[in-house]
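Asks: Have a look at this one before I ask anything.
Readers should treat all values here as calculations from the given coordinates under stated rules, not as data from a laboratory. These figures come from a predicted structure and were not determined experimentally. Every residue, glycine among them, receives a Cβ derived from its backbone with ideal geometry; neighbour counts consider all protein chains shown.
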Amino acid sequence: MSWTDERVEQLKQHWLEGKSASQIANLLGNGLTRNAIIGKVHRLGLAGRAKSPSSGGSRPRQSAPQHGARRVSSPRAPSVAPRIMRGATALAISPMPLNATEPEPFESVVLPMSLRVTIVELNEAMCRWPLGDPTSPDFRYCGSPASSGPYCAHHGGLAYQPAQERRRERDRERRLALR
């Protein structure tokens, strides 16, 4: 199937009317698939379009707070959230303060002090978390007391994550990559 100028114009018109890629594939026919339409749309650079009448205006999604996650702010970087307007494209979003009335309390992040030991100083009861580039002369290991296994409590929490949380994070990253 080749893309003639006429078919490209029809595709552009249907896309700007807000029709889905599947609907456009059905309208243009000749064995075109939804994926072929999506590919051509991306190659043509047709990003923005009108909302279809059936969509009825979508509401912005609320992201659920992750278990155990805490927000850390700095005094120089104010928290901002995108202001979402109905029918707006991604380019029309402007930042707006989250808490314009009340400042968010600062929380400190506590990282354990590592002893920064060399491989020669490392023993079985010490954390074996690598610090730095192994090819550099400044390479060291954490060396803090190991709680259970090869790492201290802090590095063990980084190394061993529950499968469900890893799956959730992987799915979230995939959704973000598809946008």
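Asks: Over all distinct alpha-carbon pairs, what is the Kirkwood Rh of the range 5-44 in angstrom?
Replies: Result for the range 5-44, one decimal place: 9.7 Å.
Asks: Translational D (Stokes-Einstein, µm²/s) of the range 129-179 at 10 °C and 1.306 mPa s when Rh comes from the Kirkwood sum over C-alpha pairs? Write out the running numbers ahead of the final one.
Replies: On the way: Rh = 13.3 Å.
In µm²/s, the coefficient rounds to 119.
Asks: Another question about this same structure. Summing Lys, Arg as +1 and Asp, Glu as -1, what charge do residues with Cβ under 12 Å from the Cβ of ALA163 carry, ALA163 excluded?
Replies: Net local charge, ALA163 excluded: +2.
Asks: Under a point spin-label approximation (7 Å from Cα along Cα-to-Cβ), what is the HIS42-GLU17 distance to one decimal in nm?
Replies: Rounded to a tenth, the inter-label distance reads 2.5 nm.
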